[in-house]
Each structure stands twice: as C-alpha cells, then as structure tokens.
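Notes follow the structure.
The values are calculated or read from the model by the stated rules, or taken from the named source; none is laboratory data. Predicted, not measured: the structure shown is a model, and the values here were computed from it. Positions of Cβ are generated from backbone atoms using ideal geometry, with glycine treated the same way; all protein chains shown enter the neighbour counts. The area values use the complete protein model at the heavy-atom level, side chains included, leaving out ligands, DNA and RNA. Shrake-Rupley method; radii C 1.70, N 1.55, O 1.52, S 1.80 Å.
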Amino acid sequence: MTAEGAAAHPVTGLDDVVHQRVRLGILTIAHEARRVEFGYLRTQLELTAGNLSQHLAVLESAGLVEIEKGYEGKRGRTWITLTAAGDAALAEEIERLKQLIARVETGPTGR
C-alpha cells in the first residue's frame with residue numbers, strides 16, 4: 001500500500017488526552033454513570049486522590065468533563081460529569097480503536 005491516496009492509519013487519530021489509560025477509564029465510567037463521585041472513580045481505577053486529581057485537571061482543561069464540588073450531608077463531595085465534547089471525544093476514540101481491532105483481526109495470519 002502506498003502513502004498516496006491511502007487513508008491515514010487509524011492510530012494517527014487517537015487522541016493523546018483521551019487515550020491515556022486512566023483518562024480513558026474516567027471518561028468511560030462517567031459515560032456509563034452520567035454523574036460519578038470522585039471516591040468511586042478513585043476506587044474503581046485504583047488511584048491515589050492526587051493522581052486522580054491530576055488526570056481530572058487534564059480532562060477539565062480540555063473541556064471533556066465538568067467537576068462540581070458540594071456537600072452530601074456534612075461531607076464534602078466532588079462529582080464528575082462528562083460534557084458533550086467529552087462524549088464525542090470518547091465516541092471517536094472508541095471508533096478508532098474498533099478500526100484498529102478490525103485491521104488486526106482481518107490482517108494476515110501465521111506470522
């Protein structure tokens with residue numbers, strides 16, 4: 001296959017912000033839950049609070065999640081919600097991953 005006229009390889013479309021393992025996990029869980037509590041994310045992804053906070057800051061800066069701080073009773077809580085841009089970015093990432101999987105599954109065998 002030549003480079004001329006060929007579509008770019010699906011890997012070139014992966015988003016470095018979204019594709020990082022922890023951030024992909026955050027976006028996926030937020031997509032499933034629509035609104036997720038910080039402690040739940042920390043437990044599910046097996047992260048320290050500081051590490052999760054750093055990843056959330058990257059996603060918030062990119063406009064992919066919204067972070068809301070408040071109280072549940074007397075306890076401080078932080079909730080994470082996927083934005084429309086975050087939902088679109090996750091869908092695009094999943095589509096690229098599906099394209100990569102299809103290439104591997106239909107590619108030459110016996111190597």
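Data table
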| quantity | calculated |
| --- | --- |
| Integer Hz, Karplus 6.51/-1.76/1.60 couplings in order for region 76-86, x for Gly and Pro | x, 9, 10, 10, 10, 10, 6, 8, 4, 5, x |
| GluC sites (Glu not before Pro) restricted to DSSP loop in region 1-63 with at most 12 other C-beta within 10 Å | E4, E46 |
| Whole-Hz couplings from phi, Karplus 6.51/-1.76/1.60, listed for region 10-21; x for Gly and Pro | x, 5, 5, x, 5, 8, 4, 5, 7, 6, 3, 3 |
| Net lengthening on full extension, E92/E60 (0.36 nm per residue, minus Cα-Cα) | 9.7 nm |
| Most to least accessible of R77, R42, R35 (protein chains only, probe 1.4 Å) | R35, R42, R77 |
| Fraction of accessible area attributable to carbon and sulfur, the chain (%, probe 1.4 Å) | 52 percent |
| Choice from T43, T28, T12 showing the highest fluctuation, given a GNM over the chain with Cα pairs closer than 10 Å | T12 |
| FRET efficiency, T106 to Q20 (Cβ-Cβ, R0 30 Å, nearest 0.05) | 0.65 |
| Loop sites in region 36-100: chymotrypsin sites (Phe, Trp or Tyr not before Pro), DSSP, at most 16 other Cβ within 10 Å | none |
| Estimated inter-spin distance, A49 and A85, nm [label 7 Å along Cα→Cβ] | 2.8 nm |
| Under-5 Å amide H pairs with R77, H placed in peptide plane, nonlocal only | G70, Y71, E72 |
| For region 30-44, 3J(HN,Hα) per residue [Karplus equation, 6.51 cos²θ - 1.76 cosθ + 1.60, θ = phi - 60°, Hz, x = Gly/Pro] | 5, 5, 5, 8, 6, 8, 10, 8, 3, x, 5, 4, 4, 5, 4 |
